[in-house]
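Heads up: the structure comes next, in structure tokens.
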Amino acid sequence: MISRPRGTRDILPDEIEGRRETEAIMRETARRYGYREIVTPTFEEQDLFTIRSGEGIIDEMYTFEDKGGRKMTLRPEITAPVLRCFVNEGRSLPKPVKWYYVADCFRYERPQKGRYRQFWQFGIELIGVDSAMADAEIILVADEILQESGISYTLQIGDLSLMRHVLQDLSSADKKTIRTFLDKRDIANASAFLSDIGRNDIIQPLTDLVLARSTDEIFAILGDIPEKERILSMFSILDDQKIRYTINPAIARGLDYYTGMVFEGFAEGLGAENQVIGGGAYRLAHLFGGQDTPSCGFAIGFDRVMVARGDKKPSSRPRVFVITTKETQLLGITAARHLREAGICTETDLSGKGFGGQMSLAAKIAGYVLIIGKQEMEKGTMILKDLQSGEQQEMTLHAAIVYLTSQ
Ligand code: HAM
């Protein structure tokens, strides 16, 4: 027996139906805000991802050499591909460009609950605008999508410029080390590291900033930094729209391309892998040969949202099985086609079963049976039976369709 690759899943129909419903909600919300769907290739040149993050990221990716000797990778995320596409195809489009995507990503991670090697993201990218309003809109769309998806989550918002002011005269390697500790919420090791490199002077402001939970506290530590007005303006839009969030200046984000506002969302009941969304403001276009272009966006971990929703319920729409005899078989096929034309999911016997066999299959897969015996055929009627309640009624095909479409 060949089993599926580690860290991947087979997704069966009951689960897929729930996923498609949730996906439709997300697409519809993005559409209402003016975002349009984009599809990019499943694999890209490896440089697209290493150009910003360095060769170190190769360990976390599915990379391969194609038959032409080119280094390729299965996309670990979709922001870089979308920005590559923007540079290749979208530069002349009116700004801002508003795109969304739903697609699978591949990361060579150690699989555990909620962490897969193939997983799906729903994301949006807002390209070519740099304002408090743009940052706020990203959070408004994200919040609306997650609320409409029916999950309860908590939102944390920060801004990388805050930490940048505290760490401004450190080398970029030292900044990166501190960011890695902060990404894991590890203040103790960040402080120990600062002590090791002889920067005890920064430990207190860093600790104060990490613990700050209001803009008053933040700007009491940092003073009137140039980004202050923009940050206050974004939070005032969110407050006005009654968005619930916590300010967290320690959010560092794992990916290397963020420049300003950053945010993360966490859902209940998911265990350790509870981050359902991550995003923020970033610049990538100039690295791919385009102009330096401000952008912001987010990606939702679709699989985690589905676990947080906790539903695997099959579709509740009526499903009908048409039961016939040898003599009424052709009439059954015609009746089934009429039912399908009316949008009703309808199946017929395909393996020559007798009445009992058809009935027992129908009991397993359908909500209703439509029985057409010889007598009914002669009268121009059929019997519609509700398999749950056991109630049945003789009626015309037209009446059955009217009844079923109203269910
Ligand atoms: P990210 O935080 O790496 O950001 O991923 C976004 C979301 O994808 C995570 O919050 C998580 O829910 C989900 N996710 C990540 N890895 C896995 C995994 N192995 N298994 C299941 N779910 C996972 C990005 O990817 C950025 N491109 C987001 C972005 C868009 N920033 C700006 N625009």
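The values are calculated or read from the model by the stated rules, or taken from the named source; none is laboratory data. Everything numeric in this text was worked out from a predicted model, so none of it was measured. No Cβ is skipped: glycine too gets one built from the backbone with ideal geometry, and neighbour counts run over all protein chains shown.
Some observations on this one:
- Taken over region 108-127, residues that are among the β-branched types (V, I, T) and either within 17 Å of the chain's Cα centre (by Cα) or surrounded by fewer than 15 Cβ atoms within 10 Å (Cβ to Cβ) (or both) amount to 1.
- Among residues of region 326-342, those that are in a loop (DSSP other than H, G, I, E, B) and under 15 Å from G380 (Cα atoms), counted: 2
- Within region 11-20, being within 13 Å of the chain's Cα centre (by Cα) and buried (at least 16 other Cβ atoms within 10 Å of the Cβ) holds for one residue alone: R19.
- Some residue of region 1-14 being under 27 Å from P96 (Cα atoms), out of contact with any Phe, Trp or Tyr (no Cβ under 7 Å at 6 or more places or on another chain) and assigned to a helix (DSSP H, G or I): no
- Candidates F49, F64, filtered to the one that is outside any loop (DSSP other than H, G, I, E, B), away from the ligand (no atom under 16 Å from the Cβ) and in the same structural domain as Q118 (by TED's automatic domain parsing): F64
- For the residues M382, M377, the requirement of being farther than 17 Å from R319 by Cβ, in contact with a helix residue (DSSP H, G or I) (Cβ under 8 Å, 6 or more places away or on another chain), without any contact (Cβ under 8 Å) to a residue 60 or more places away in the chain and of a type outside the set (S, T, Y) singles out M377.
- None of G332, G367, G290, G279 is within 16 Å of the ligand (Cβ to nearest atom) and surrounded by 17 or more Cβ atoms within 10 Å (Cβ to Cβ) except G279.
- Residue check, R253 within 11 Å of the ligand (Cβ to nearest atom) and modelled with pLDDT of 95 or more: no
- Taken over region 48-82, the criterion of being more than 26 Å from R115 (Cβ to Cβ) and touching a residue at least 12 places away in the same chain (Cβ under 8 Å) is satisfied by R70 alone.
- Selected residue (only one of C85, C105 is near the ligand (Cβ under 10 Å from one of its atoms) and either crowded, with 18+ Cβ neighbours inside 10 Å or not in a loop (DSSP other than H, G, I, E, B) (or both)): C105
- T79 meets each of the listed conditions (1) on the phi < 0 side of the Ramachandran plot; (2) more than 18 Å from the chain's Cα centre (by Cα) apart from (2).
- Selected residue (only one of G128, G90 is away from the ligand (no atom under 11 Å from the Cβ), assigned by TED's automatic domain parsing to the domain that holds S295, under 20 Å from R31 (Cα atoms) and touching a Pro at 6+ places or on another chain (Cβ under 7 Å)): G128
- Checklist (1) in contact with a Leu (Cβ under 6 Å, 6 or more places away or on another chain); (2) near the ligand (Cβ under 10 Å from one of its atoms) applied to I78, failing item: (1)
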